[in-house]
1. Mind checking the dipole of the range 118-238: about its Cα centre, +1 per Lys or Arg Cβ, -1 per Asp or Glu Cβ, Debye to the nearest 20?
2. Calculated from DSSP H runs of 4 or more alone, at -39500 (n - 2.57) each and per residue, what is the 222 nm mean residue ellipticity of the chain, nearest 500?
3. What list of ³J(HN,Hα) couplings, whole Hz, do you get for the range 42-57 from phi and the Karplus terms 6.51, -1.76, 1.60, once you set θ to phi - 60° and write x for glycine and proline?
4. What is the log10 of I(q)/I(0) for the range 231-275, computed with the Debye formula using one identical point scatterer on each Cα and no solvent, at q = 0.33 Å⁻¹?
5. Identify which of Ser248, Ser38, Ser219 has the largest mean-square fluctuation in a Gaussian network model of the chain, with springs joining Cα atoms closer than 10 Å.
6. Among Val57, Leu282, Ala17, whose Cα sits farthest toward the positive end of the charge dipole of the chain (+1 at Cβ of Lys/Arg, -1 at Cβ of Asp/Glu, about the Cα centre)?
7. Kindly sort Ser265, Ser34 by accessible area of their heavy atoms, largest first, with the probe set to 1.4 Å.
8. Which of the listed residues, Val71, Tyr304, Asn44, is farthest toward the dipole's positive end in the chain, when Lys, Arg count +1 and Asp, Glu count -1 at the beta-carbon?
Amino acid sequence: MAGIKPKVRAPRNRTIALSESELSRYAKKLLKVSSKPSAFALQNLLGKTILGDTLTVLSRIPAEVADLIIVDPPYNLAKNFNGSRFSAMSDAEYEAYLDSWMGELVRVLKPDGSLYVCGDWRSSCAIQRSLQSKLCVLNRITWGREKGRGASANWKNGMEDIWFAVKDPQNYCFNLDAVRLRRRVIAPYKLNGEPKDWNDSESGKFRDTAPSNFWDDISIPFWSMPENTDHPTQKPEKLIAKLILASSRPESIVFDPFLGSGTTSVVAKKLGRQFFGIEQNLEYACLCEKRLEIAGDDASIQGYTDGVFWERNSLGAQKSKKNP
Ligand SMILES: C[S@@+](CC[C@H](N)C(=O)[O-])C[C@H]1O[C@@H](n2cnc3c(N)ncnc32)[C@H](O)[C@@H]1O
């Protein structure tokens, strides 16, 4: 078992970390690849984090069980996932890597299911080609996010893509009203003295807008956020919440084959969905278990309040109006 080096953190740092004793306690909850075949029957998989290599584990997952699959794989760049190194490769090699598991994910997806795949600009073309050969691609969401200092002789990367694909474009779930974005109205136009398509409430003037495929209202988790962990590529809960709310129903089954620190399972639990996922790294898999335990007491998702996604910083403005 990998040892955990305790870190000294600032008092306001809320990063979720694991002690040695937590690591051994949560490790007992994980489903191991060596478990007997019945452990991989659907009723035994639900709520579980599987510790193992996705490429091996996928063949043990029953067919057509997942309503929604969220895939956040290693991107095509060099990355160290707690000792397990992923290396950058040619586009063709990366596409072959994607193909090595994409077909299995399609088998696991229900006929009316949806699948999302995350990537950066370097990985995106290969992701699109791999998806298009097996599914019907419906959209590419671009998430504008700030991280890092950038390069001296190139544009700093400030975006990621999230590809959206379904098995059957005539039959899939999309809950538009669950993912509207509440924006402050800059020019509150009235018709016959009544607000035109916006709400004039005590807390301000807002419009619930249709969600577009450009997302600029989500921050990368950072040290003072309660969802933050030391995982190097953790996705924000708010981002995953949009995917889950749009493309699944209460009690739907959500699956993540590259679970990392567990964001997909944690958000699925907070939103009343069923879930399971796979992660190869023991410490990350245990972090997921710890976050799932915390989610049992606190189902809040930063940036998603009272069933509404709030434009960045507008919720604070609304609260301060209520409690000046
Ligand atoms: C991009 S990260 C996912 C981060 C995650 N979305 C989160 O919010 O924490 C990819 C994860 O996949 C894991 N991984 C990479 N290759 C894997 C494999 N073959 N089987 C299982 N997990 C793998 C890595 O350890 C890493 O934690």
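1. Using only the charged Cβ atoms, the result is roughly 380 debye.
2. Computed mean residue ellipticity for the chain: -8000 deg cm²/dmol.
3. Going residue by residue, I get 3, 4, 8, 7, 4, x, 9, 10, 8, 8, x, 8, 3, 4, 8, 6 Hz, with x marking Gly and Pro.
4. These q points yield log10 I(q)/I(0) values of -1.32.
5. Its mean-square fluctuation being the largest, the pick is Ser38.
6. Ala17
7. Ser34, Ser265
8. After comparing all options, I get Tyr304.
The values are calculated or read from the model by the stated rules, or taken from the named source; none is laboratory data. Keep in mind that this is a model prediction, so the values were computed, not measured. In this analysis, Cβ positions are derived from the backbone assuming ideal geometry, glycine residues included, and neighbour counts consider all displayed protein chains. Heavy atoms of the whole protein, side chains included, go into the accessibility calculation; ligands, DNA and RNA do not. Shrake-Rupley method; radii C 1.70, N 1.55, O 1.52, S 1.80 Å.
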